[in-house]
Amino acid sequence: YQALSGHSDAWLAGALGLPQETVATCVRRLVTAGLLEAGGDRLVPSESLTIDTRTQPEVRRRMKRHWLQVGSERIGQERPSDILAYNVFAVSERDLDTIRGLQRRFFRQVRAIVAASEPCESVALLNLQLLTWEPPDGS
């Protein structure tokens with residue numbers, strides 16, 4: 001996008017794999033909401049944005065489902081900068097608790113970096129999952 005001579009909904013649609021009409025509608029809404037603004041010939045974020053969905057469990061579940069699907073769809077279309085990895089393993093409960101703690105700290109550290117990062121030049125998706133195979137009732 002930075003290399004373009006000006007803003008292009010068509011370019012964004014191609015990069016995101018979305019219909020151009022959808023991108024145009026979303027761009028208009030982002031500008032109207034004050035989240036994007038003119039920066040010369042391009043649109044730029046007006047500020048770094050974090051959306052907290054902790055108080056809206058259903059919205060939170062839908063967002064998690066959406067972003068997991070986006071990551072899943074990228075498999076087979078990886079770009080050189082993508083990191084797609086998995087590790088299925090067996091560990092002690094103590095070590096699993098240590099891994100959970102590491103994952104939480106890592107996520108908080110990433111959020112702190114994002115909050116302080118200027119200027120907004122790149123967009124990325126970070127999906128973190130740690131799933132266990134336990135009975136649903138926790139026993």
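Descriptive notes on the structure:
- Yes/no for Gly14 being out of contact with any strand residue (DSSP E or B) (no Cβ under 8 Å at 6 or more places or on another chain), among the small types (Gly, Ala, Ser) and more than 27 Å from Ala112 (Cβ to Cβ): yes
- Note on the stretch 99-120: residues that are open to solvent by 70 Å² or more (accessible area, probe 1.4 Å) and of a type in the set (Val, Ile, Thr) amount to 2.
- Residues that are exposed (fewer than 10 other Cβ atoms within 10 Å of the Cβ) and among the β-branched types (Val, Ile, Thr), drawn from the stretch 54-98: Thr55, Ile75, Ile83, Val88
- Test: Gly6 is more than 14 Å from the chain's Cα centre (by Cα), assigned to a loop (DSSP other than H, G, I, E, B) and not hydroxyl-bearing (Ser, Thr, Tyr): yes
- Residue within the stretch 60-72 that is under 13 Å from the mean Cα position of the chain (by Cα) and within 24 Å of Ala3 (Cβ to Cβ) present: yes
- Applying the criterion of being open to solvent by less than 100 Å² (accessible area, probe 1.4 Å) and in a loop (DSSP other than H, G, I, E, B) to the residues of the stretch 37-53, the residue that is modelled with the lowest pLDDT is Ser48.
The values are calculated or read from the model by the stated rules, or taken from the named source; none is laboratory data. For clarity, every value in this text was computed on a predicted model and none was experimentally measured. Using ideal geometry, Cβ is built from the backbone for each residue, glycine included, and neighbour counts are taken over all protein chains shown. These accessible areas exclude ligands, DNA and RNA; they are computed on the full protein's heavy atoms, side chains included. Shrake-Rupley method; radii C 1.70, N 1.55, O 1.52, S 1.80 Å.
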